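> Mind having a look at this structure? Questions to follow.
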Amino acid sequence: MAYQGFSFQARVPDGWISTDPSAVHEDGASLVLLRQADLARPFTTNITVSEQRVRNADLPRFAAAYRRRLAGRTKQLAVMREARLSDTPPRQHAQELRFTLTLDGGDVEVMQAQFLTAVPTEGSGDYLMQTVLSAPADVYPAAKGELAEFVESLSSTWNSSAGGTP
């Protein structure tokens, strides 16, 4: 996938498939993966990757804004963990959330892990990548291991001929 000259590659974990972002109402995402074992469930376990270029990314502020947006669409939103993973480039911040979604008249307990990564670019901008795992609470422990496999395989590059500045 590519965004303003940046591109990333990752290995899709076994048992996961890529789908169009609109299939899970994530039109702004660059990549959406679905866990095949959960396709028949009311809520399908998914990994989404979104990218944007921002001015001086304040990762805790982005995480808080994400929670506010999520709170408007869910019930009983709770932050299970939140931590700054790195203050040196690439800066990273993570949070783990639990909430309830109402789907087709029934409630589904969902757990979510979000990783924000900011890579400095020339000037005052940052390339911000958001990686989110969303899974039913009972599936989350297994899916979290698969997310780790995916995140460890991520690599990104900058292509000066594709536009933008690093």
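> Is it possible to state the helix-based mean residue ellipticity at 222 nm for the chain, with each DSSP H run of 4+ residues giving -39500 (n - 2.57), the sum divided by total residues, to the nearest 500 deg cm²/dmol? What is it?
Taking each H run of at least 4 residues, the total per residue is -5000 deg cm²/dmol.
> From Cα coordinates alone, what are the radius of gyration and Dmax values for region 1-120 in angstrom?
Rg, Dmax (Cα atoms, Å): 15.3, 45.
> What distance in nm lies between label points placed 7 Å from Cα along the C-beta direction at Met80 and Glu109?
Simple spin-label model gives 1.0 nm for this pair.
> Using a 7 Å offset from the Cα along the Cα-to-Cβ direction at both Leu39 and Asp58, what is the distance between the two label points in nm, to one decimal?
Using points 7 Å along Cα→Cβ, the separation is 4.4 nm.
> Continuing with this model, one more query. What range in the chain is the longest one free of trypsin sites (Lys or Arg not before Pro) that are in a loop by DSSP and have at most 14 other Cβ atoms within 10 angstrom?
Value returned for the longest uninterrupted segment is 74-166.
> May I ask you to give the percent of accessible area on region 46-166 that is carbon plus sulfur, with a probe radius of 1.4 Å?
Answer for region 46-166: carbon and sulfur cover 50 percent of the accessible area.
> I've got another one for you. So with the 1.4 Å probe, I'd like the accessible area per residue for the chain, rounded to whole Å².
Spelled out: the 1.4 Å probe surface of the chain, per residue, equals 52 Å².
The values are calculated or read from the model by the stated rules, or taken from the named source; none is laboratory data. Model, not experiment: these values are computed from the prediction. Heads up, the Cβs are rebuilt from the backbone with ideal geometry, glycines too, and the neighbour counts pull from every protein chain shown. What goes into the accessible areas is simple: the full protein's heavy atoms, side chains included, and nothing from ligands, DNA or RNA. Shrake-Rupley method; radii C 1.70, N 1.55, O 1.52, S 1.80 Å.
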